[in-house]
Ligand code: B12
Ligand code: SF4
């Protein structure tokens, strides 16, 4: 069988003039996972439009496309194109799960939820000549999960070729998160077998790894065993977790000991009322500053995620947040405009309150205001969002945040990471065009790896506060 997998470009990434580095970071892991279910004799191609022009004059029998909300328009155009050429077109992923009826108009078969159970079932039906129109995932397990077919993509096109996921979903249920709708109808958090995860890690070349799991620390038992198993592997790695899990004694230390050097954390907001309203109760009454100190003492950099436009946010929220983030010495911050993704509890509430302003999915990229904010205008929200980025990544603030670090090596690492990431966007564009990305991976490893030499081996991690004071205001 001739089968083609496509990751269509997110709208912004279609520009021929600008290649933001974030679209050349990770290979299409979801599709490589699905490809692993095919047979040896199948002729498989996998194209990622973020890093290569698509071949559109080929004639696959089966086409499988992953659809994100901001690539939906492009995905549907590609689906229509291949259906017109006689291929059987399958659409799946987050956006198809959220809006299956919309997607079905462009597909022969749609898939909702994770694909590990539905995709093999479909393949069997397809080969038997009776493919269904829709497959809904209900069986949630990663048992016997084959290794993703990483041989199908060119790792040299990505800065971070060694991305992996060793769990699916998250045990929490925040109102704005895609997670609840994507995993409906079955378990919404489950992990690989530890041994299986370790074997996959060992198979990856080089030093650097990026775990794309929503919350890698979510199961302390699984994560603890994973980190124990990774000790001695000489890896440096990055991932995501919650504030609460960072404050737990023990797990973070194990993670740092086996190579954790940078962690993405959803702080979301400095206002407890916002946390309550968004169902993000696991962040309530936690000492954010103590979490950051613990990470810093272990040589782990922080990528802090914040959401603007929550109902308690007024015009002052941008400055307050940036000031706090700089004062904490955060290396990187990712800001988002609150985005009510279809299928989420937040979306349902916004619809009920008549506050949705646009259903142009291209604008659902967390950089546009698509709903009516409670305490400011949509324009003020967008302006504030951009000004927060500008302020946080101004040289004055980068130097100020770097100045909170102990010793010149710590300060230099901060400057190299933060400056190299956000201040060098035009340089990244050029590097991507020259095909030189792989040359920068050793540099990334060096900057990340230097963290361990800084402080942690000389001093113990910051003690946990005996009682958690309320959130900083
Ligand atoms: C990698 C990643 C990216 C990459 C995407 C490119 C890539 N190479 O994949 C980059 C860095 C570009 C990116 C950007 C953004 N991202 Co992103 N990203 C992710 C991340 C961390 C991992 C995706 C992944 O590989 N998952 C692992 C694989 C195994 O799962 P999967 O891809 O979902 O595939 C499975 C199923 O979906 C299904 N499936 C998928 N496709 C198909 C097709 C068929 C035919 C079938 C049968 C099944 C199927 O089967 C697969 C196996 O189970 C996810 C979080 C997550 N953990 O998933 C966020 C996530 C997808 N991103 C998100 C967001 C919000 C963004 C941004 C908007 C953030 C921002 N402001 O910058 C931008 C988009 C900017 C824009 N212009 O739109 C949200 C999406 C929310 C939503 N409802 O759409 C997520 C879920 C994070 C979160 N927790 O909120 N992202
Ligand atoms: S903790 Fe993060 S991944 Fe988990 S439900 Fe909340 S926002 Fe989603």
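The values are calculated or read from the model by the stated rules, or taken from the named source; none is laboratory data. No experiment lies behind these values; they were computed from the predicted model shown. In this analysis, Cβ positions are derived from the backbone assuming ideal geometry, glycine residues included, and neighbour counts consider all displayed protein chains.
Residues in the stretch 374-382: is at least one outside any helix (DSSP H, G or I) and within 16 Å of ligand 1 (Cβ to nearest atom)?
no
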Entirely in the stretch 1-78, the strands (runs of 3 or more DSSP E) that have 2 or more residues that are near ligand 1 (Cβ under 9 Å from one of its atoms) and more than 28 Å from residue 208 (Cα to Cα): 62-66
Cβ pairs under 7 Å, 6+ apart, first in the stretch 38-53 and under 17 Å from residue 124 (Cα atoms), second in a loop (DSSP other than H, G, I, E, B): 42/1; 44/38
In the stretch 229-257, the residues that are buried (at least 19 other Cβ atoms within 10 Å of the Cβ) and part of a loop (DSSP other than H, G, I, E, B): 235, 242
Candidates 259, 279, 169 - the one that is within 11 Å of ligand 2 (Cβ to nearest atom), in contact with a strand residue (DSSP E or B) (Cβ under 6 Å, 6 or more places away or on another chain) and assigned by TED's automatic domain parsing to the domain that holds residue 448: 169
Residue within the stretch 218-227 that is touching a residue at least 12 places away in the same chain (Cβ under 8 Å), within 30 Å of residue 316 (Cβ to Cβ) and within 14 Å of ligand 2 (Cβ to nearest atom) present: no
Residue count for the stretch 313-339, restricted to those that are surrounded by fewer than 17 Cβ atoms within 10 Å (Cβ to Cβ) and outside any helix (DSSP H, G or I): 4
The listed residue being within 11 Å of ligand 1 (Cβ to nearest atom) and part of a helix (DSSP H, G or I), out of 180, 202, 195: 180
Test: residue in the stretch 136-156 that is more than 20 Å from residue 44 (Cβ to Cβ), modelled with pLDDT of 95 or more and in contact with a helix residue (DSSP H, G or I) (Cβ under 8 Å, 6 or more places away or on another chain): yes
